[in-house]
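Undergrad: Here it is: the structure, laid out below.
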Amino acid sequence: MTPPSFQHLTPEALDEWLTADAPLTLVDIRDPMSFANGHIPGSRHLDNDSVPALLEAAPRAQPMVVVCYHGHSSQQAADWLAGQGFSRVYSLDGGFTEWQHRHPDRVER
């Protein structure tokens with residue numbers, strides 16, 4: 001079995017990156033209603049319909065962080081995105097649920 005081609009990212013590390021205004025691509029794979037009800041500022045909703053635009057526009061060398069509900073399905077999505085040529089792909093540990101718990105002031109609605 002090959003090791004995953006993505007890395008895990010803690011909410012604290014993402015908070016530091018966002019505070020430093022580090023260039024990154026932040027994608028949220030939750031359902032559209034959940035995304036509309038709250039998401040990490042600067043993130044874009046990613047679903048089957050928006051994948052082609054992401055693949056065309058997102059910088060391959062820039063860090064990409066994948067967010068889901070609890071940090072499980074984002075691992076599969078991150079692995080797939082890494083396979084599409086993105087070199088620095090991360091899955092957010094704990095997903096949006098953990099992010100919202102730790103950083104309620106950093107949730108956009």
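The values are calculated or read from the model by the stated rules, or taken from the named source; none is laboratory data. These numbers come from a predicted model, not from an experiment. Don't worry about glycine lacking a Cβ; one is built from the backbone with ideal geometry, like all the others, and counts go over all protein chains shown. For the accessible areas, the whole protein counts, side chains as well, though only heavy atoms, and no ligand, DNA or RNA atoms are used. Shrake-Rupley method; radii C 1.70, N 1.55, O 1.52, S 1.80 Å.
Undergrad: With respect to residue 85, is the statement that it is open to solvent by less than 70 Å² (accessible area, probe 1.4 Å), part of a loop (DSSP other than H, G, I, E, B) and in contact with a helix residue (DSSP H, G or I) (Cβ under 7 Å, 6 or more places away or on another chain) true?
TA: Numbers: open to solvent by less than 70 Å² (accessible area, probe 1.4 Å): yes; part of a loop (DSSP other than H, G, I, E, B): yes; in contact with a helix residue (DSSP H, G or I) (Cβ under 7 Å, 6 or more places away or on another chain): no.
For residue 85, the condition - open to solvent by less than 70 Å² (accessible area, probe 1.4 Å), part of a loop (DSSP other than H, G, I, E, B) and in contact with a helix residue (DSSP H, G or I) (Cβ under 7 Å, 6 or more places away or on another chain) - is not met.
Undergrad: Among the listed residues 42, 38, 71, identify the single one that is among the small types (Gly, Ala, Ser) and either over 22 Å from residue 109 (Cα atoms) or crowded, with 16+ Cβ neighbours inside 10 Å (or both). Let's see the steps before the verdict.
TA: Numbers: 42 fails: either over 22 Å from residue 109 (Cα atoms) or crowded, with 16+ Cβ neighbours inside 10 Å (or both); 38 fails: either over 22 Å from residue 109 (Cα atoms) or crowded, with 16+ Cβ neighbours inside 10 Å (or both).
Going through 42, 38, 71 in turn, just one is among the small types (Gly, Ala, Ser) and either over 22 Å from residue 109 (Cα atoms) or crowded, with 16+ Cβ neighbours inside 10 Å (or both): 71.
Undergrad: Also, I was wondering about something else. Can you list residue pairs whose Cβ atoms sit under 8 Å apart, with the first residue in region 19-40 being on the phi > 0 side of the Ramachandran plot and the second being open to solvent by 30 Å² or more (accessible area, probe 1.4 Å) and not polar (S, T, N, Q)? Count only pairs 6 or more apart in sequence or on different chains.
TA: Partner pairs satisfying both residue conditions: 38/108; 38/109.
Undergrad: Sort out which residues of region 88-109 are in a helix (DSSP H, G or I), open to solvent by 30 Å² or more (accessible area, probe 1.4 Å) and in contact (Cβ under 8 Å) with a residue 12 or more places away in the chain, and write them in order of number. Before the answer, list the steps.
TA: Taking region 88-109 as the starting set, the residues that turn out to be in a helix (DSSP H, G or I) are 95-102, 104-106.
Pick out the ones that are also open to solvent by 30 Å² or more (accessible area, probe 1.4 Å) and you get 97-98, 100-102, 104-106.
Selection gives 97, 98, 100, 102, 106.
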